Amino acid sequence: MTLPRTPSLRLDGKRALVTGASSGIGQACAVALAEAGAHVICTARGADRLNETVAEMQAEGWSAAALPLDIADLDVMRDALAGQRLDVVVNSAGLARHGPAMETTPEDYDAVMGVNLRAAYFLSVAAAKAMPETGGSIIHISSQMGHVGGIDRAVYCASKHGLEGMIKAMAIEWGKRRIRINSICPTFIRTPLTAQTFDNPERAAWIEEKIKLGRVGEVEDIMGAVLYLASDASALVTGTSMLIDGGWTAD
């Protein structure tokens, strides 16, 4: 009898690209992949914080490079990925403009959709073209709001629900090429971008009530999930979402 062996979570020899990598969830994803042995190309719009992140990663002995990039600029994004070989792409770039639906402007709508859905769509296409014949893994940082609704979040929810549908369709189309595409759907994670929400006592109380485990998320809560979806441990996982929401959507 031959006992089965647990698939490796190591990413040695793999090339990964992470968007939104200069802070928060994106930075945590970049660290998780680099720590597992991947060469990580870190992208974000702001060069200063991005370069600081990469310098700290390199100081740890990890393989990382900085690529300042606005993925919403489709021509620039396509040119940056052209000729690349990528085994893993993690898209953590995102935008939110929260407010009552009746006060949403077309400019707000276009800005959120432009990053959260339009850029995500064409980044996925460019990523798939950059992957070898053996396939690869595309991971989008979505949201629990891709599965439920939320106060003052009509546009954001629309973008994330759309992202979830896009992922399912692309998984069907690209499965024969061994390209897997999935999402990670966090609850509220404590990052610089969410500080304003947590500073609002009414919003903070709403969040604490909805999270069944009784605490908000930290970026470390996402790192194991992104490593799993990037590695051979999830070789049969595609077209789905991993909810890391502390039970928010269990109702």
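Observations on the model:
- Residue count for the stretch 229-240 under the criterion of being surrounded by fewer than 20 Cβ atoms within 10 Å (Cβ to Cβ) and outside any loop (DSSP other than H, G, I, E, B): the result is 2.
- Test: residue in the stretch 117-127 that is part of a loop (DSSP other than H, G, I, E, B) and within 18 Å of the chain's Cα centre (by Cα): no
- Within the stretch 83-116, the set of residues being closer than 22 Å to Arg180 by Cβ and either assigned to a strand (DSSP E or B) or out of contact with any strand residue (DSSP E or B) (no Cβ under 9 Å at 6 or more places or on another chain) (or both) comprises Val88, Val89, Val90, Asn91, Asn116.
- Unmet requirement for Gly246, which otherwise passes all of (1) part of a loop (DSSP other than H, G, I, E, B); (2) at pLDDT below 95: (2)
- Taking the criterion of being in contact (Cβ under 8 Å) with a residue 40 or more places away in the chain and aromatic (Phe, Trp, Tyr), the only residue of the stretch 61-113 that qualifies is Tyr109.
- Looking only at residues in the stretch 54-112 that are of a type outside the set (D, E, K, R) and in contact with an Asp or Glu (Cβ under 7 Å, 6 or more places away or on another chain), the one that is surrounded by the fewest Cβ atoms within 10 Å (Cβ to Cβ) is Pro100.
Here's the yes/no breakdown for (1) at pLDDT below 95; (2) over 17 Å from the mean Cα position of the chain (by Cα):
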position	(1), (2)
Asp108	no, yes
Ser142	no, no
Ile151	yes, yes
Glu164	no, no
Asn200	yes, yes
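Let's see how each residue does on (1) over 19 Å from Val18 (Cα atoms); (2) hydrophobic (A, V, I, L, M, F, W, C); (3) in contact with a helix residue (DSSP H, G or I) (Cβ under 9 Å, 6 or more places away or on another chain):
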| position | (1), (2), (3) |
| --- | --- |
| Ala171 | yes, yes, no |
| Arg180 | no, no, yes |
| Ile184 | no, yes, yes |
| Phe188 | yes, yes, yes |
| Pro192 | no, no, yes |
| Asp199 | yes, no, no |
| Glu208 | yes, no, no |
| Leu213 | yes, yes, no |
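The values are calculated or read from the model by the stated rules, or taken from the named source; none is laboratory data. Since the model is a prediction, treat every value here as computed from it, not as a measurement. For neighbour counting, all protein chains shown are included, and Cβ atoms are generated from backbone atoms with ideal geometry for every residue, glycine included.
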